[in-house]
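Notes for the one structure printed next.
The values are calculated or read from the model by the stated rules, or taken from the named source; none is laboratory data. Because the structure is a prediction, the values reported are computed rather than measured. Using ideal geometry, Cβ is built from the backbone for each residue, glycine included, and neighbour counts are taken over all protein chains shown. In case anyone asks, the SASA skips ligands and DNA or RNA and just uses the protein heavy atoms, side chains included. Shrake-Rupley method; radii C 1.70, N 1.55, O 1.52, S 1.80 Å.
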2 protein chains.
Amino acid sequence: MRAIVYLIGAGPGAPDLITLRGYRCLQQAEVVIYDHRVHADVLQYAPAQAERIDVGGGSGDASAQDAICFLIAEKAREGKIVARLKRGDPFLFDHGGEEALFLHEQGIPFELVPGVPTAIGATAYAGIPITYPGGGDTVTLVRGFEDDGRERTRLNWDHLAGLGGTIACFAGPRQLPRMIEALIAHGRPADESAAVIVNGTLPSQRTMTGTLAELAESVAEQPVGAALLIVGRVVNFREHLRWFDSRALFGRRALVMHSKEQPDDIATLLEHRGAEVKVDTDAGLDVYRLLLDRKVDVVTFTSASAVLGFLASVGADQASDLLAHTAVATLGPAAADAITRANLTPAIHLDNGSLPAFAEAIAGHFTPAP
Amino acid sequence: MRAIVYLIGAGPGAPDLITLRGYRCLQQAEVVIYDHRVHADVLQYAPAQAERIDVGGGSGDASAQDAICFLIAEKAREGKIVARLKRGDPFLFDHGGEEALFLHEQGIPFELVPGVPTAIGATAYAGIPITYPGGGDTVTLVRGFEDDGRERTRLNWDHLAGLGGTIACFAGPRQLPRMIEALIAHGRPADESAAVIVNGTLPSQRTMTGTLAELAESVAEQPVGAALLIVGRVVNFREHLRWFDSRALFGRRALVMHSKEQPDDIATLLEHRGAEVKVDTDAGLDVYRLLLDRKVDVVTFTSASAVLGFLASVGADQASDLLAHTAVATLGPAAADAITRANLTPAIHLDNGSLPAFAEAIAGHFTPAP
């Protein structure tokens, strides 16, 4: 066994935006030390028996950072393969560099696994090309400070504002309005296009666009949490290039009850339409818990046996209560019969149709009438 | 079948630095349209029967770009799943935005799959954290122009040089010296630290560091091809954080002759030491061709049957010529006997040792005496 530390960027948010290399390092990990902004599903890539340690927000007070460095080193000294996971890229306005330097000083071998930065991933998912001919020849990434104590003046705002091109800054709720105001004060036009992206690349992604002046007002009035600010003409492309958050089932959560007679392609068809899909056969999935926590917008049944399997797993007497806030979708008379016999009513039903037609019917249910 | 175009960033170079999502999109692809700077191994992620189309350098003459857009659209209109692959990120100083806009105008569905930018990946593999406390609060990514016709003055050099922080620019051989000179002329100190990284993240990675003035002279005298220029104090961390190009077998290519009696862990052990490893059982690998093209620095045998398999596959009478420029490494008396019987001599031999000891012996063979 060789002890090693992989310093890994998990990418901008969506679990599948980690690199293949990061994924393979995680598969070998015996210890995973992660910032809590890393998506829970990324942790699933590590073996079930791997130790998982949440070291919090990594917001940067020096003693907390020291403690993290010591923890990583300690686990490596036990001869373990350690995966140190951070959101985005570990070296872009994060503490990856400090951790690597500490490991070097301690003589512990490490490898650096870069990740897709939030500024790159969130813009792609918002339909904003981070550069475009005519949109300037520079992209400036700016450190965001959550820490109010840190002075803002270390940035040369005149040069930042004067450079043109795209500016990207991942900032906290208090800093966001200040950042926008400073850019305007130092010469970026108040009517320049900008966007604020919250939870970029995730099903909960929200994107606000407007002029700098409009966004300054809006984020001051209604703080949005940590968000990516994008300033520049490229933002205007969003109206044409939206693809992620414009899909019919974007932000909807579907539970697919799988059955032996039917292929589970319905999961893929719903994912193509933007839904976040879980299948009851997923490892470790607790259907009861998922419904109890109201984390399902639609549950699909494509056979009688899928219905019977569902009733068996949640308890037939609980089904009606559990489904009170969830749309039931059935395909074919057998599934509908079984649902009706359980005193439930499908909100979406196709008696006779293909799986794609069924997926379309579900998408139609959630699409507001024009 | 649904027609769709995935605009995918393949990442900075190494085939495993593509995202998991990019990898999965490729696995579904029926047509792969790629820039030739994409690593050949990335194309292997697509199904064997997928059509593969090289559309060249993407250096940006408008009619070539139009032709690429039409080609992508045509394949999608045939009802195909199209993967459009670019190196780095498709939207960072590349034509991804234009291609997406064209698809939008044509009513063809597309999804954007971001990639790790070269500036992020190559720095991590060079041991340069792209930011560090005290290294500035901005990273400015600058478009490089291969095209001599395009005027340089669109950049506001005073603001670029004045901003401080890290500057990263992927530039061609003619532009690189000009870029450095312009930065000095507009106020970056001539003795500021900088690095030039060629073939970042690949086994052929080369990194030069020095002051801006030193690098300006060196790249003017000896052009290096397209390269990433990094300017800023963060470059100084490389001496401590090198991990990729400092490994004993970095840049060495090993061929592992696999045998049934022995596990092929030797491949992993050599990879950990930085070697680029191929195993004779890899799909489509042509051992004869590989040796004929002198693409192997060391070939390993850990059993007699591995030797016999090798002789059978290349022809016993060819073996000596083919191995003239390759070190033969044998583990155990049986492998050595079989090699000797074929009138070959191992350059590296351990009669009695573990696989890790064997890997160490190979690493030692390639490590220059101090």
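A few notes on this one:
- Among beta bridges that DSSP assigns inside the protein assembly as shown, antiparallel share in %, nearest 5: 35 percent
- The simple Förster model, with R0 at 45 Å and r as the Cβ-Cβ distance, assigns residue B:192 and residue B:289 a FRET efficiency of 0.45.
- Under 18 Å from the Cα of residue B:278 - lysines, other chains or at least 8 residues apart: B:260, B:295
- Shape category assigned to segment A:264-370 from the gyration tensor of Cα positions, a/c cut at 1.5: rounded
- CD proxy at 222 nm, helix term only [per DSSP H run n ≥ 4: -39500 (n - 2.57); per residue of chain B; nearest 500]: -9500 deg cm²/dmol
- Angle in degrees between helix A:175-185 and the longest Cα principal axis of chain A, rounded to the nearest 10: 50 degrees
- Peptide A:92-104 has a mean of 5 when you count, residue by residue, the C-beta atoms of other protein chains within 10 Å of its C-beta.
- Prolate/oblate/rounded label for the protein assembly as shown (Cα gyration tensor, a/c 1.5): oblate
- Excluding ligands, DNA and RNA and using a 1.4 Å probe, chains A and B jointly bury around 5600 Å² of accessible surface, summed across both partners.
- Bins of 20 Å, starting at 0 and running to the largest distance - Cα pair percent for chain A: 25, 47, 26, 1
- Calculated FRET value between residue A:324 and residue A:48, using beta carbons and R₀ = 41 Å, to 0.05: 0.75
- For chain A, the longest principal axis of the C-alpha atoms and the axis of helix A:96-105 are separated by about 70°.
- Considering only alpha-carbon pairs that sit under 8 angstrom and 6 or more positions apart, the relative contact order computed for segment A:120-244 is 36 percent.
- Protein-only accessible surface order, largest first, of A:125, B:288, A:23 at 1.4 Å: B:288, A:23, A:125
- Computed in the context of the full set of protein chains, the accessible area of segment A:253-366 at 1.4 Å probe radius has 48% of its extent on carbon or sulfur.
- Residue B:368 label point (Cα plus 7 Å toward Cβ) to equivalent points in the other copies: 6.9 nm, shortest first.
- Residue B:320 contributes an accessible area of around 70 Å² to the protein surface, as traced by a 1.4 Å probe with all chains present.
- Whole-Å distance, taken between Cα centres, linking segment A:341-370 and segment A:82-99: 45 Å
- Segment B:119-244 shape via C-alpha gyration tensor axes, a/c threshold 1.5: oblate
- Angle between chain A longest axis and helix A:212-221 axis [Cα atoms, degrees, rounded to 10]: 70 degrees
- B:197, B:184, ranked by accessible area, largest first (probe 1.4 Å): B:184, B:197
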